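Below: one structure in structure tokens.
The values are calculated or read from the model by the stated rules, or taken from the named source; none is laboratory data. All values derive from a computational prediction rather than experimental measurement. Backbone-built Cβ (ideal geometry, glycine too); neighbour counts: all protein chains shown. Note: accessible area is taken over every heavy atom of the protein model, side chains too, but ligands, DNA and RNA are not part of it. Shrake-Rupley method; radii C 1.70, N 1.55, O 1.52, S 1.80 Å.
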Amino acid sequence: RSISCYRCIIVYDRIDPCGRWRKDLLVNNGNNMDFLKTKFDLSGKVVVIADGLDARGLKYAEAVALSGGNPVILGNNQEGIDCALNYLNKKCKVSSLGFVVDLLDKAQLLETIKSIMKSLKKVDVLINNYTCRGKKISPGEKGYFNCPEDYPLELWEHYIKQNINTVFLVSQQFGKIM
């Protein structure tokens, strides 16, 4: 069972991961979440969603919760985590966990993993949902749309650090306990 199936079902509505129209998604008057409950049973599974505060991360968490799993959201601010956990509690009737962590800080990441293991005893799935964003990177910033020959090295290094190193570090650390 590929976790990427959740994205396709939710984001693309009634299209399966291969891009085909799926009539079997029309369960219970078109409620796709009922499809998740019957096709993807995650009962008792702990699913960590790294950078789970964006719209896609929250949909992953919702799909996990409605499939019987226990979503754990990692994010960069407490207010966002509180909102996400309240949303999941009301919509999905689950009690989820959330942690504020800088995903590029190995020490913070290790402390967060210890807290997760102390609370839930295991991690079954990692959804590494990280995407680069923030004050340093924006389409309006000078150099953002430059052709490769003129692209600023500082901007390139920031993208590599944020997009590649974060995914690597999170996968490396969670891979050790899974």
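Residues V94, V123, V72, V170: which one is modelled with pLDDT of 90 or more and in a loop (DSSP other than H, G, I, E, B)?
V123
I'd like the full set of residues that are open to solvent by 50 Å² or more (accessible area, probe 1.4 Å), within 16 Å of N70 (Cα to Cα) and either modelled with pLDDT under 85 or small (G, A, S) (or both), limited to the range 97-120.
S119
Looking only at the range 61-96, count every residue that is over 22 Å from F40 (Cβ atoms), crowded, with 16+ Cβ neighbours inside 10 Å and not β-branched (V, I, T) and tell me the total.
2
Would you mind stating whether A55 is under 10 Å from the mean Cα position of the chain (by Cα) and open to solvent by 50 Å² or more (accessible area, probe 1.4 Å)?
yes
Any idea how many residues of the range 58-106 are within 15 Å of the chain's Cα centre (by Cα) and acidic (D, E)?
2
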